[in-house]
Amino acid sequence: MADPIRFNVYVTVKEGRLEEFKKIARDWSAHHKKERIDVLSYEWFMSPDGTRCQVMELYESSEAMLATMEQVSESEVAEKPDYPYEMDKLEVCGDISDALRVKLDAGESPIEYWGFIDGFRR
């Protein structure tokens, strides 16, 4: 099995939409916990002033993240949602597949890639 891939997503909450944003955090977290055993961790952290958020996601593999991206892409094409946030940056930590890198690079968000050197996880 491949090593897990970590995604650190940084967003800015749109003015006046904090409660809507928090609902999305709860709903998406519940969905991933119940439906996606290949999502190992999915945590949301808010800045003290409620304007910025960091979402820390840990996926079993590149394939797990690709599956998530496919679900999101399909729903966005059908609904064209007005999310209550703007994406600021994505950090990808770990050795990802070529297919995932191509998919990520096709998006609009700034991305920083970080390769694994050494360490451990319990």
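Readers should treat all values here as calculations from the given coordinates under stated rules, not as data from a laboratory. Owing to the predicted nature of the structure, the values given are computational and were not obtained by experimental measurement. For neighbour counting, all protein chains shown are included, and Cβ atoms are generated from backbone atoms with ideal geometry for every residue, glycine included.
Return yes when Ala64 is more than 18 Å from Val13 (Cα to Cα), surrounded by 11 or more Cβ atoms within 10 Å (Cβ to Cβ) and under 14 Å from the mean Cα position of the chain (by Cα) and no when it is not.
On the way: more than 18 Å from Val13 (Cα to Cα): yes; surrounded by 11 or more Cβ atoms within 10 Å (Cβ to Cβ): yes; under 14 Å from the mean Cα position of the chain (by Cα): yes.
It is true that Ala64 is more than 18 Å from Val13 (Cα to Cα), surrounded by 11 or more Cβ atoms within 10 Å (Cβ to Cβ) and under 14 Å from the mean Cα position of the chain (by Cα).
Being free of Cβ contacts under 8 Å to residues at least 12 places away in the same chain, exposed (fewer than 15 other Cβ atoms within 10 Å of the Cβ) and under 19 Å from Pro4 (Cα atoms) narrows it down to one residue among Gly115, Gly119, Gly16; which is it?
On the way: Gly115 fails: free of Cβ contacts under 8 Å to residues at least 12 places away in the same chain; Gly16 fails: under 19 Å from Pro4 (Cα atoms).
Sole residue among the options that is free of Cβ contacts under 8 Å to residues at least 12 places away in the same chain, exposed (fewer than 15 other Cβ atoms within 10 Å of the Cβ) and under 19 Å from Pro4 (Cα atoms): Gly119.
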